[in-house]
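Working notes, structure below.
The values are calculated or read from the model by the stated rules, or taken from the named source; none is laboratory data. Computed from a predicted structure; not experimentally measured. Cβ coordinates were reconstructed from backbone atoms using ideal geometry, including for glycine residues, and neighbour counts include every protein chain displayed. The protein model used for the area step is the full one, side chains on, heavy atoms only, and it has no ligands, DNA or RNA in it. Shrake-Rupley method; radii C 1.70, N 1.55, O 1.52, S 1.80 Å.
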Amino acid sequence: IYSCCYLSRRLNQLSSHDPLWKRHCKKYWLISEEEKSQRNQSWKTIFISTYSDLGRYIRYYATLKKAWDDLEKYLGQRCPRMIGSLKESVREEDLDAVEAQIGCKLPDDYRCSFRIHNGQKLVVPGLMGSMALSNHYRSEDLLDIDTAAGGFQQRLGLKQCLPLTFCIHTGLSQYMALESVEGRNKYEIFYQCPDQMACNPSAIDMFITGTSYLEWFTSYVNKVVTGGYPIIRDQIFRYVHDKECVATTGDITVSVSTSFLPELSSVHPPHYFFTYRIRIEMSKDALPEKACQLDSRYWRITNAKGDVEEVQGPGVVGEFPIISPGRVYEYTSCTTFSTTSGYMEGYYTFHCLYYKDKFFNVTIPRFHMVCPTFKVSTARM
């Protein structure tokens, strides 16, 4: 009995040892020394009070809080007006009320994220990325919980699907499946793609964008904060650049980034739409007499079946840019494939401004475009 009493007393002393709680506060709740000083409480008290509020999210909170913190810091320096569109956190009872409203349980990682930020206001630009072509514009907002609940789907083809994003220009959304129905996995995230060849309007194919909310959101944030997605005119553009996709000819470097556009694509009939952004840059160390002007382009386009199409024409997107030392020219164009993947390569022809009869070719590196994983509608099958 004496030994048990002694052990209990020692455990009690150990449990009150504040440095132990400091480690847990930092690991699970990302509480800083500065925040601790502001709260003027012991580490143990902070841990217990935070756990009483957020304990069910202890597996996810640190990962999601870090993602939100990193995103806010990055955007605060590059597109501060986007930060202003973020909403404050929601309460547990608000999330419970939404579950009661839609008749489905929300995954804990989704709930946890909304305890940090309740999405954003319906504004442009959207937090979840933009895309702009000559006649097409998309910018996706991260929906707040009430707007998402209002768009909850029960119709055939989208049963028990909750919208996560929304574009006010295209009506485009990414959805999360809250149940494993109609061939979807529970908590899978996707773009809908109506089967244009099916008589049944509920035949909706899916372009998969994530297997869970945690994976979907944190992988997107990582792309943003590591510079994987460019910031153009205060917007996040979801162009992916392969670091190997660069070619240098003399003093001129050409690099390419690409993006798949689900809203302009379909599985049935097979039509996969891609856009690409090309950057042409002349070294700042080049001699002034190396200045030149682009005259024409040549493309060799190959789909997954090995079919080849060759395209040649004047300029690029109707322009004949002049490149000089340290100058950069960028433009955007697009292409489609009847197969799920393909690649392009080619060259530009330039003439020198100082020696007008001197022409030379500049290599465009081969760049691949691949459709994301998709699922065929069970209604069609």
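Brief remarks on what is shown
- Averaged over its residues, the chain has an accessible area of 50 Å² per residue, based on protein heavy atoms and a 1.4 Å probe.
- The angle between the Cα long axis of helix 18-29 and the longest principal axis of the Cα atoms of the chain comes to about 40 degrees, rounded to the nearest 10.
- Rounded to the nearest 10 square angstrom, Ile168 shows an accessible area of 90 square angstrom against a 1.4 Å probe.
- Only protein heavy atoms count here; on that basis, with a 1.4 Å probe, Trp299 has an accessible area of about 10 Å².
- For the chain, calculated [θ]222 nm from helices alone, where every DSSP H run of n ≥ 4 adds -39500 (n - 2.57): -8500 deg cm²/dmol
- DSSP-loop trypsin sites (Lys or Arg not before Pro) across segment 348-381, with at most 13 other Cβ within 10 angstrom: Lys356, Lys358
- Helix 92-102 axis, angle to the chain major axis (alpha carbon atoms, nearest 10°): 70
- Rolling a 1.4 Å probe across all protein chains gives His241 an accessible area of roughly 80 Å².
- Measuring between alpha carbons in the structure, the pairs from Lys22/Lys73; Lys65/Lys186; Lys87/Lys243; Lys105/Lys375; Lys284/Lys356; Lys121/Lys243 lying more than 30 angstrom apart are Lys87/Lys243; Lys121/Lys243.
- The tail of the calculated P(r) for segment 25-130, taken as Cα-Cα distances beyond 16 Å, holds 65 percent of the pairs.
- Computed over neighbours whose Cβ is under 15 Å from that of Gly315, the net charge equals -2, Lys and Arg +1, Asp and Glu -1.
- Both the radius of gyration and Dmax for segment 61-225 are 15.8, 50 Å, in that order, over alpha-carbon atoms.
- Three semi-axes describe the equivalent ellipsoid of the chain; taken as square roots of 5 times the Cα gyration tensor eigenvalues and ordered largest first, they are 48, 29, 17 Å.
- The C-alpha atoms of the chain define a longest principal axis, and helix 43-54 lies at about 70 degrees to it.
- q = 0.21 Å⁻¹: log10 I(q)/I(0) that the Debye formula gives for segment 252-320, counting C-alpha atoms only: -1.13
- Heavy-atom accessible surface of the chain: percent carbon and sulfur, 1.4 Å: 50
- Relative pair counts by distance (%), Cα atoms of segment 55-106, 5 Å bins: 4, 16, 17, 20, 18, 14, 9, 3, 0
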